[in-house]
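Notes follow once the structure below has been shown.
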Amino acid sequence: MPELPEVENIKFGLENRVIDKEIVDITYSNIVKNSHKENKMAIVKQELSFFSENVKGKKIEKLSRRGKYLYFILNEGYIITHFGMTGAFFLVKDIAEITNKNYYNHQHVIFELSTGEKLVYSDIRRFGELRYIDDVTKFKPFVNLAPEPFDKSAKKYFLNKLDEKKYKDHSIKALLLEGNVFCGCGNIYDCEVLYRQKIHPLTKASELSKKKKESLFKELVDILELAIKEGGSTISDYVHADGGEGNMQNFHQIYGKKVCPLGHDVENVTIKGRSSHFCPICQKMK
């Protein structure tokens with residue numbers, strides 16, 4: 001978290017409120033500053049002086065998203081953001097407007113805007129990342145990322161990836177977690193999609209028919225579209241830029257559940273370090 005739908009909603013909540021505003025100053029929390037003194041670089045993954053010098057005085061022209069990344073297009077250069085597990089942005093006139101206690105207590109980067117507003121990056125667990133870059137096309141995490149799920153090229157790309165020899169013995173769940181196979185759909189939505197498709201998460205990619213792979217792709221796109229429409233999933237800490245919560249968690253059928261919609265006990269298996277929720281009755285191994 002946040003996954004593609006959550007990042008898209010953060011983008012939607014910010015873009016019309018920050019465009020054409022200049023970043024006049026930046027302040028960092030003591031945690032961020034001390035981490036840089038110890039060469040640990042919490043959140044801002046560059047020297048703070050470099051980040052500040054390249055961002056201050058720049059105007060925000062547009063916001064865009066690539067997978068789970070949000071980036072601010074400046075009049076010169078870009079601010080790239082990855083939210084990690086618990087990152088969030090808030091646009092406020094006064095810090096007291098951040099009513100979520102956890103986020104209020106974990107403000108780490110504050111961008112002072114020319115309007116007097118503050119664009120606040122808060123991160124409870126501090127796994128998020130901020131960077132300034134001058135050329136987004138050369139940003140390494142983007143280079144091998146799969147096409148956006150809604151692009152015309154995405155389906156063919158996905159089907160070809162699943163057919164690659166090196167992936168034939170990989171579980172479908174492990175592949176869905178790979179950004180170079182399918183972009184932006186993380187653990188929560190992967191669990192939901194596999195349940196809806198009645199596919200056991202440990203099923204090998206080579207065991208799926210072409211028709212099933214096509215159906216799986218459609219389900220992936222459908223669940224992302226629904227999640228975007230419903231404002232993303234607020235399970236623990238995710239909130240919108242205005243502090244509001246998503247509604248997609250109310251549509252979850254398997255993730256975090258004790259029983260599936262048909263009343264069967266839900267089980268968990270760890271795949272690539274993530275807990276995969278599934279129903280052994282509805283999602284039988286072939």
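Do any strands (runs of 3 or more DSSP E) entirely within region 30-142 hold 2 or more residues that are farther than 15 Å from Ala241 by Cβ and in the same structural domain as Ile10 (by TED's automatic domain parsing), and if so, which?
Details: elements: 60-66, 69-74, 78-82, 87-92, 107-113, 118-123, 129-133.
Qualifying strands (runs of 3 or more DSSP E): 60-66, 69-74, 78-82, 107-113, 129-133.
Of the residues that make up region 14-23, is at least one under 30 Å from Ile228 (Cα atoms), within 17 Å of the chain's Cα centre (by Cα), among the polar types (S, T, N, Q) and not assigned by TED's automatic domain parsing to the domain that holds Asn180?
No, every residue in region 14-23 fails to be under 30 Å from Ile228 (Cα atoms), within 17 Å of the chain's Cα centre (by Cα), among the polar types (S, T, N, Q) and not assigned by TED's automatic domain parsing to the domain that holds Asn180.
Output the residues belonging to region 11-46 that are farther than 17 Å from Ile124 by Cα and either touching a Ser or Thr at 6+ places or on another chain (Cβ under 8 Å) or among the β-branched types (Val, Ile, Thr) (or both).
Hits for region 11-46 are Lys11, Val18, Ile19, Lys21, Glu22, Ile23, Val24, Ile26, Thr27.
Can you tell me which residue is farthest from the chain's Cα centre (by Cα) among those in region 96-140 that are under 16 Å from His82 (Cα atoms) and polar (S, T, N, Q)?
Filtering region 96-140 for residues that are under 16 Å from His82 (Cα atoms) and polar (S, T, N, Q), the one farthest from the chain's Cα centre (by Cα) comes out as Gln107.
One line per residue, one yes/no per condition, for (1) modelled with pLDDT under 95; (2) assigned to a loop (DSSP other than H, G, I, E, B); (3) β-branched (Val, Ile, Thr); (4) crowded, with 21+ Cβ neighbours inside 10 Å:
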residue	(1), (2), (3), (4)
Lys211	no, no, no, no
Asp222	no, no, no, no
Ile228	no, no, yes, no
His240	yes, yes, no, no
Asn250	yes, no, no, no
Gly256	yes, yes, no, no
Thr270	no, no, yes, no
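On the given criteria, is Ala146 in a loop (DSSP other than H, G, I, E, B) and surrounded by 19 or more Cβ atoms within 10 Å (Cβ to Cβ)? Reasoning before the result, please.
Values: in a loop (DSSP other than H, G, I, E, B): yes; surrounded by 19 or more Cβ atoms within 10 Å (Cβ to Cβ): yes.
In short, yes.
What are the pairs with Cβ atoms under 7 angstrom where one residue, in region 197-209, is free of Cβ contacts under 8 Å to residues at least 40 places away in the same chain and the other, located anywhere, is outside any loop (DSSP other than H, G, I, E, B)? Sequence gap at least six, or different chains.
Every condition considered, the pairs that remain are Gln197/Ser215; Gln197/Leu216; Gln197/Glu219; Lys204/Ser171.
Quick grid of which residues meet (1) closer than 20 Å to Glu3 by Cβ; (2) of a type in the set (A, V, I, L, M):
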position	(1), (2)
Gly232	yes, no
Ala241	yes, yes
His252	yes, no
Asp265	no, no
Thr270	yes, no
Pro280	no, no
Gln283	no, no
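Looking only at residues in region 152-173 that are within 20 Å of Met285 (Cα to Cα) and more than 21 Å from the chain's Cα centre (by Cα), which one is surrounded by the fewest Cβ atoms within 10 Å (Cβ to Cβ)? Show your work before the answer.
Within region 152-173, the subset within 20 Å of Met285 (Cα to Cα) is 162-163, 167-173.
From what's left, more than 21 Å from the chain's Cα centre (by Cα): 162-163, 167-171.
On the way: Leu162: 22, Asp163: 13, Tyr167: 18, Lys168: 12, Asp169: 10, His170: 17, Ser171: 20.
So the residue we want is Asp169.
Could you identify the single residue in Lys156, Lys152 that is out of contact with any Ser or Thr (no Cβ under 9 Å at 6 or more places or on another chain), in a loop (DSSP other than H, G, I, E, B) and either among the aliphatic types (A, V, I, L, M) or free of Cβ contacts under 8 Å to residues at least 24 places away in the same chain (or both)?
On the way: Lys156 fails: in a loop (DSSP other than H, G, I, E, B).
Unique residue meeting the criteria: Lys152.
Looking only at region 98-133, which residues are free of Cβ contacts under 8 Å to residues at least 60 places away in the same chain and either among the charged types (D, E, K, R) or touching a Leu at 6+ places or on another chain (Cβ under 8 Å) (or both)?
Correct list: Lys101, Lys118, Val120, Arg125.
Inspect all residues belonging to region 174-185 and state whether any of them is assigned to a loop (DSSP other than H, G, I, E, B), in contact with a strand residue (DSSP E or B) (Cβ under 7 Å, 6 or more places away or on another chain) and buried (at least 22 other Cβ atoms within 10 Å of the Cβ). Full working, then the answer.
Of region 174-185, the ones assigned to a loop (DSSP other than H, G, I, E, B) are 177-185.
With the extra rule that they be in contact with a strand residue (DSSP E or B) (Cβ under 7 Å, 6 or more places away or on another chain), the set shrinks to 177.
Add one more test, that the residue is buried (at least 22 other Cβ atoms within 10 Å of the Cβ), and what stays is none.
The answer is no; no qualifying residue exists.
Looking at Val32, Val44, which one is of a type outside the set (Gly, Ala, Ser), surrounded by 20 or more Cβ atoms within 10 Å (Cβ to Cβ) and within 21 Å of the chain's Cα centre (by Cα)?
Numbers: Val32 fails: within 21 Å of the chain's Cα centre (by Cα).
One residue alone meets the criteria, Val44.
The values are calculated or read from the model by the stated rules, or taken from the named source; none is laboratory data. None of these values were measured; they are calculated from a predicted model. FYI the Cβ positions are ideal-geometry reconstructions off the backbone, even for glycines, and counts take in every protein chain you see.
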